[in-house]
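The structure appears below as structure tokens.
The values are calculated or read from the model by the stated rules, or taken from the named source; none is laboratory data. Computed from a predicted structure; not experimentally measured. When we count neighbours, we look across all protein chains shown, and the Cβ atoms used for this are built from the backbone with ideal geometry, even at glycine.
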């Protein structure tokens, strides 16, 4: 069946070309030791892929409506990120026992402090006082607090196994609970209480624009997946160079995980900040909190199955310093998101805590 070529009139050429060029760059630079020219091209392709991914996510969101649009981006990024973690666990074996823990913790800290703080700062500098739905921010925060405590704190205090680990039965239970709780949240967000997560008032002023055709939406979905694969793949290509730079600077190896998490989260960060700049804070929070929940809700079950199937050790419990930072982050986030209004002050506080997290990761 022939496709009406006029459908492509609303698809920018760069949004088609960049994902293909990024995948070509990934294939070329994926060798054992790419030179600085290829690394520069990989970094440029990474940034371009982030921008294109956000564009296609917004096209999908316009077609399917909120909060489905933000959910598509969060789930797509998380599924690819989980695949990357599982593949690294399989290849590194016991050496990657704390990889899932470090990745999940870094993601929560980056999103709840860095992304939320940046969104609040950008939005408040332009619009002064920011308003959002409390009924749309407190449910994901409650789920996030429960999941982080269950998966990142409790393993340190259990006694069935030594160290910050779960026994096989505990690991299965944690994985099932994480997946079930995340599924319930998605059901509430997209079904029974969908209106809690919709923008209100002036935030929805673009709701009357003509949505894109179904073909354009499906094309954007395919290109979104290609762009996100390129983002994660290029981040993995750049990781060895980051590792060498970290080692040369004498910083802990955990900084590499933080840097990779920052790169992987770039699409969601950019989309959330753009929404905040347009005073669409509910969409911004849907993106940020939804990404944090998807990371835990999908990562823990996946790594639990991998660890049990391959007999790999899995350290989930955080050390005392990280537990203190996590507790401060959850307390601060709850104070910010349960008021329904925020100013530049809340954004500044979140960014300060994010700076503390980054500094202590480099200077433990």
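With the requirement that a residue be within 15 Å of residue 97 (Cα to Cα) and surrounded by fewer than 24 Cβ atoms within 10 Å (Cβ to Cβ), what does the range 315-343 give you?
Kept after step one, since they are within 15 Å of residue 97 (Cα to Cα), are these residues of the range 315-343: 315-319.
Scanning the range 315-343 gives 315, 317, 318, 319.
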Exercise for the section: Identify, from the list 176, 122, 180, the residue that is farther than 20 Å from residue 259 by Cα, more than 17 Å from the chain's Cα centre (by Cα), without any contact (Cβ under 8 Å) to a residue 40 or more places away in the chain and part of a helix (DSSP H, G or I). Expected result: 180
Handout entry: Sole residue being in contact with a helix residue (DSSP H, G or I) (Cβ under 6 Å, 6 or more places away or on another chain) and either farther than 30 Å from residue 14 by Cβ or at pLDDT 75 or above (or both), chosen from 176, 246
Key = 246
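Report, by residue number, each residue of the range 132-149 that is farther than 12 Å from residue 337 by Cβ and buried (at least 19 other Cβ atoms within 10 Å of the Cβ). Don't jump to the end; show me each part of the working.
Quick first cut of the range 132-149, residues farther than 12 Å from residue 337 by Cβ only: 143, 146-149.
Passing the criteria: 143, 147, 148.
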Practice task
Run residue 272 past the list (1) within 23 Å of residue 151 (Cβ to Cβ); (2) within 20 Å of the chain's Cα centre (by Cα); (3) touching a residue at least 60 places away in the same chain (Cβ under 8 Å) and report the number of the one that doesn't hold.
Solution key: (1)
Exercise for the section: For residue 322, work out the one condition from (1) more than 20 Å from the chain's Cα centre (by Cα); (2) in contact (Cβ under 8 Å) with a residue 40 or more places away in the chain it doesn't fulfil. Expected result: (1)
Exercise for the section: Go through the residues of the range 105-121 one by one and say whether even a single one is over 28 Å from residue 218 (Cα atoms) and either touching a strand residue (DSSP E or B) at 6+ places or on another chain (Cβ under 7 Å) or modelled with pLDDT under 85 (or both). Expected result: yes
